[in-house]
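The values are calculated or read from the model by the stated rules, or taken from the named source; none is laboratory data. Computed from a predicted model, the values in this text were never measured in an experiment. Counting neighbours? That spans all protein chains shown, and the Cβs are built from the backbone with ideal geometry, glycine included.
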Amino acid sequence: MTPKYIFVTGGVTSSLGKGIIAASLAKLLQARGYSATIQKLDPYINVDPGTLNPYEHGECYVTEDGAETDLDLGHYERFLNIPTSQANNVTTGRIYQHVINQERQGAYLGKTVQVIPHITDEIKRRIKLLGETGDYEVIITEIGGTVGDIESLPYIEAVRQLLWEMKEEEALVIHLTLLPYLSSTKELKTKPTQHSVKLLLESGVQPDILVCRTEHMITKEMRKKIALFCNVDSNAVIEALDVPTIYDVPLMMLKEKLDKTVLSKLKLSAKNEPDLESWKAFLIRHKNPKHEIRIGLIGKYVELPDAYKSIIESFIHAGAHNESRVRVQYIHSELIAEDNVEQKLADLDGILVAPGFGDRGIEGKISAIRYARENNIPFFGICLGMQMAVIEFARNVIGWKDAHSTEMNIKTKHPVIDMMPEQKKITMKGGTMRLGSYICEISKDSIAYKAYEKSKVSERHRHRFEFNNQFQKDFEAKGMFVTGVNPETKLAEIIEIKNHPYFMGVQFHPEYKSTVLNPHPLFIRFIKAAVTFSQK
Ligand code: GLN
């Protein structure tokens, strides 16, 4: 079957949730038996978001094949339960880099290289790439940014060209807009939507379906009005109300018949009614918890929870699995010190120390870990969090007061965390970390093994520094064990301590692999330990 293409654009404002709408539609199509994937086109000039500070753009999500990508790809995987790849996220930087490299190789044979056709051709090539794999019947392409942005123009033009090239039933455009509510007159306003559709039309693109974000229900008359002024069918005006959780959106879109409208426009059969049994079962568990626990998330970007998106979603998945509500308390690592740690962390049932880079706030992380270790509070350290657990143990149990990571102190006599040798030669920052999936072998006698119930797993990475194996014996003599190891390189992947209900440090990022249908085993176990702790 020739794949069908769905383009999702956004108007009026940013942050309307295009990613969630795209993921929800893909979920519904998948639940009807179609193979679907989602791609995000980001109009910024960074080649990938790997070099972006989380304050700029939220978390950097990492795929199996080691691409550093936009956090929307995390939603795609969590909803669809299938992996994405480098091809699922393309930025303007990557497009231009490719075109400029081609130009340097003389590939354009003396032609003037221009936005149209060269940049737009490269955008179109990237869009069609996923279709050409033969793996998907439907490809949803989300165009980042808001219609009218200068940066988005080449993308909208590429969409216009594709619509012109393709048959009518081969592609369609969904435009996500906002219906603002004026509380003084108590009414929803449609004008911004009309204007943003006009902006799209100026670029030659007529949307087929409008998804309208709104705080209040849209009346029949209003649907008609929007349809008339925006030139769409009135069943193609979809109401997207605010809902308690993003995981309600697929069901809301089902009720609004977004999937059916899409299928009929693409001339695809509806097949069966969507099978959403396990999705609904998850929602029931999520909304009817028997327990409630408090987890402290210790990090330096806590002002912006998007910086820890995948971790927060992993809590939701693992919480539902354990029939527990997980209340996340965001605690700034810079505000924790030895003398206030107890007061800051006293009512927590579990402590997660987040990933990160650089030395801001790390002493607070170390104090928090000591507190969790000494008071038998379930602890989960991810990447930098694991590295800090190693340093804390070296300093306070082994007694090496100067123990450190060479990321923060290059001169320490006890570099318990050190750079991998192959990293030392690298000077370029972008895309050069240890990235993507690696195998980890787990020792039988460990909590990790109890969680995974298998001895070989694969997990995703994003880091330059490592546990320094030179010191492994000293750690084991005092009770900290490497319980997961990369079988080829012998790099430590998991550390645990004995005689603690849950003390887990992982060099990889389990949060990237937790999905609604497959909550991550280490998160499940962590939440379980926290529930037990809360009952004491
Ligand atoms: N800064 C550490 C490293 O590069 C940890 C990275 C992370 O937490 N993702 O190894």
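Restricting attention to segment 493-517, the residues that are under 17 Å from Phe379 (Cβ atoms) and of a type in the set (Ser, Thr, Tyr) total 1. Of all the numbered requirements in (1) within 16 Å of the ligand (Cβ to nearest atom); (2) part of a helix (DSSP H, G or I), Tyr301 misses one, and that requirement is (2). The single condition among (1) free of Cβ contacts under 8 Å to residues at least 40 places away in the same chain; (2) in a helix (DSSP H, G or I) that Gln329 does not meet is (2). Return yes or no: is Asp242 loosely packed, with under 14 Cβ neighbours inside 10 Å, within 20 Å of Ala22 (Cα to Cα) and under 31 Å from the mean Cα position of the chain (by Cα)? Answer is yes for this residue. For segment 408-419, filtering for residues that are farther than 14 Å from Leu491 by Cβ and touching a strand residue (DSSP E or B) at 6+ places or on another chain (Cβ under 6 Å) leaves 1. Just so you know, in segment 469-499 the residues that are touching a residue at least 60 places away in the same chain (Cβ under 8 Å) and among the charged types (D, E, K, R) include one that is farthest from the ligand (Cβ to nearest atom), and it is Lys478. Only residues that are closer than 20 Å to Val390 by Cβ and away from the ligand (no atom under 15 Å from the Cβ) were counted in segment 452-468, giving 0.
Pairing each residue of segment 353-374 that is more than 14 Å from the ligand (Cβ to nearest atom) with any residue that is modelled with pLDDT under 95 and charged (D, E, K, R), provided the two are 6+ apart or on different chains, yields C-beta distances under 6 Å for Gly364/Glu334; Ser367/Glu338.
Among the residues of segment 375-388, those identified as away from the ligand (no atom under 12 Å from the Cβ) and either under 26 Å from the mean Cα position of the chain (by Cα) or on the phi > 0 side of the Ramachandran plot (or both) are Asn376, Pro378, Phe379, Phe380.
Inside segment 160-192, residues that are β-branched (Val, Ile, Thr), in contact (Cβ under 8 Å) with a residue 40 or more places away in the chain and over 30 Å from Met1 (Cβ atoms) make up a count of 1. Taken residue by residue, segment 173-191 has at least one member that is over 29 Å from Leu28 (Cβ atoms) and part of a helix (DSSP H, G or I).
A search for C-beta distances below 6 Å between a residue of segment 420-437 that is under 20 Å from Lys490 (Cα atoms) and at pLDDT 85 or above and any residue that is more than 12 Å from the ligand (Cβ to nearest atom) and of a type in the set (D, E, K, R), counting only pairs 6+ apart in sequence or on different chains, returns Gly436/Asp65; Ser437/Glu64. Taking the criterion of being part of a loop (DSSP other than H, G, I, E, B) and modelled with pLDDT of 95 or more, would at least one residue in segment 381-397 satisfy it? Checked segment 381-397: at least one residue is part of a loop (DSSP other than H, G, I, E, B) and modelled with pLDDT of 95 or more.
Note on segment 398-412: residues that are within 15 Å of the ligand (Cβ to nearest atom) and not in a loop (DSSP other than H, G, I, E, B) total 2. Taken together, the residues in segment 359-377 that are modelled with pLDDT of 95 or more, part of a loop (DSSP other than H, G, I, E, B) and closer than 14 Å to Gly296 by Cβ amount to 2. Could we say that Gly356 is within 22 Å of the chain's Cα centre (by Cα) and part of a helix (DSSP H, G or I) here? Taking the combined requirement at face value, the residue does not satisfy it.
Taking segment 109-150 as the range and being within 19 Å of Ile174 (Cα to Cα) and basic (Lys, Arg) as the test, the residues that pass are Lys124, Lys128.
May I ask you to list the residues in segment 333-371 that are farther than 25 Å from His461 by Cα, touching a strand residue (DSSP E or B) at 6+ places or on another chain (Cβ under 8 Å) and not aromatic (Phe, Trp, Tyr)? Selection gives Ile336, Lys344, Leu345, Asp347, Leu348, Asp349.
Kindly indicate the residue of segment 20-63 that is over 15 Å from Ile139 (Cβ atoms) and small (Gly, Ala, Ser) and also nearest to the chain's Cα centre (by Cα) among those meeting that condition. Top of the filtered list is Gly58. Of Ile156, Ile95, Ile100, all but one fail to be over 23 Å from the mean Cα position of the chain (by Cα) and over 13 Å from Phe7 (Cα atoms); the exception is Ile100. What residue, among those in segment 222-242 that are under 12 Å from Thr261 (Cβ atoms) and outside any helix (DSSP H, G or I), is modelled with the lowest pLDDT? Filtering first and then ranking leaves Asp233.
Against the conditions (1) of a type outside the set (Asp, Glu); (2) more than 16 Å from the ligand (Cβ to nearest atom); (3) surrounded by fewer than 23 Cβ atoms within 10 Å (Cβ to Cβ), Tyr502 satisfies every one except (3).
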